[in-house]
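Reviewing the structure listed below.
The values are calculated or read from the model by the stated rules, or taken from the named source; none is laboratory data. These numbers come from a predicted model, not from an experiment. Cβ coordinates were reconstructed from backbone atoms using ideal geometry, including for glycine residues, and neighbour counts include every protein chain displayed.
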Amino acid sequence: MRYVVGIDIGGTNIVVGTVAEDGSEMLGLVSEPTISEQGANAVVGRITKLARASMAAARGHDVAGVGIGSPGPLNTTTGVVLLTPNLGWTNFPLRDRITEALGLPATLDNDANCAIFGEWWRGAARGSQHVVGLTIGTGIGGGIVLDGEVYRGASDIAGEIGHMTIDLNGRRCKCGNYGCLEAYASGPAIAARAVEGIADGTDTSLPKYVNGDLSKITAQLVYEAAHDGDDYALEVVKDTAKFLGVGVANIINIFNPQVVVICGGVTLAGERLFGPLRSEAKRRAFKPAVDVCRIVPGELTGTAGVYGAAAVFMRRTWGRV
């Protein structure tokens, strides 16, 4: 059986694993912080090191290639990352750099496409033909799978769900636009909204979680405080659910999917987030569309992008997954 190295590059972490072509196992799962501020070359060095470590764990198996998932926009044909607001790269030939370093053929696709393709192949959307997903972390990405194929659009930009406008005159996003979903419901945006409320004098236990250093508040800490019963943290989570519900309703009305899968750290909030999110989407989307759509958390926590990046390589190189 052949194996493929799957590389998932995020704004915070790089995750690498070597995946069997039938998806039955993943060997050598390794991870390191991305540290994008050190520059693209340093990140490529870390990716290469991790890939070699993963392949070493798969020694004795036939490793046929490498699938790479990276934040975009990017060109999947040339393997060039055109622009990454959360990494600071411009026109970077990532695919060829990895191919040269590892001596293996490689493919490049959007990291969110890969994550949702992974959930379609081995996770929460398995068995469905029409799937749309969001990946929520440092930013908000999206992926669309129609009839078992990643839909990329005319210029590889399809699925940039995080940059749909949900408020005409809203918060400024890292992409330069105003009112993007990402500016409200990404991990850093959730933390920023929580800190703003604290600065305005809201009564909350959140500062105690960070010994008063508000710069250390993260979305995960907000979820933890909500779980512990902090009213303000619960309010932040509910507002996040409403923002996401608006975005999901738009997706349901446009694509009429069977499944909307939501991946990333936000799933740690559980039903405190998914309950009001589903209610908001149901309130806003057309009934015949929302009635046939499951809105679910991803199942492949931390590995969806690795599975999906490997699956993209298989689809493009062998014509199947």
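Points to keep in mind about this one:
- Being within 23 Å of Ala241 (Cα to Cα) and either out of contact with any Gly (no Cβ under 8 Å at 6 or more places or on another chain) or charged (D, E, K, R) (or both) holds for only one residue in Ile190, Ile140, Ile166, Ile136, and it is Ile190.
- Residue identified as in a helix (DSSP H, G or I) and under 20 Å from the mean Cα position of the chain (by Cα) among Val43, Val66, Val16: Val43
- Out of Asp230, Asp200, sole residue that is over 27 Å from Cys114 (Cβ atoms), surrounded by fewer than 19 Cβ atoms within 10 Å (Cβ to Cβ) and over 19 Å from the mean Cα position of the chain (by Cα): Asp200
- Qualifying residue in the stretch 208-222 (condition: buried (at least 18 other Cβ atoms within 10 Å of the Cβ) and part of a loop (DSSP other than H, G, I, E, B)): yes
- When residues of the stretch 126-155 are limited to those that are part of a loop (DSSP other than H, G, I, E, B) and of a type in the set (Ser, Thr, Tyr), the one surrounded by the fewest Cβ atoms within 10 Å (Cβ to Cβ): Ser155
- Residue match in the stretch 49-62 (condition: touching a residue at least 60 places away in the same chain (Cβ under 8 Å) and outside the structural domain of Thr135 (by TED's automatic domain parsing)): yes
- Filtering the stretch 83-118 to residues that are charged (D, E, K, R), crowded, with 23+ Cβ neighbours inside 10 Å and in a helix (DSSP H, G or I) leaves Arg95, Asp111.
- Only one of Ala194, Ala183, Ala158 that is outside the structural domain of Thr34 (by TED's automatic domain parsing), more than 26 Å from Thr76 (Cβ to Cβ), small (Gly, Ala, Ser) and within 18 Å of the chain's Cα centre (by Cα): Ala183
- Comparison of Val312, Val292, Val259, Val321 shows that the only residue that is out of contact with any Pro (no Cβ under 6 Å at 6 or more places or on another chain), under 24 Å from Ala219 (Cβ atoms) and either modelled with pLDDT of 95 or more or not aromatic (Phe, Trp, Tyr) (or both) is Val259.
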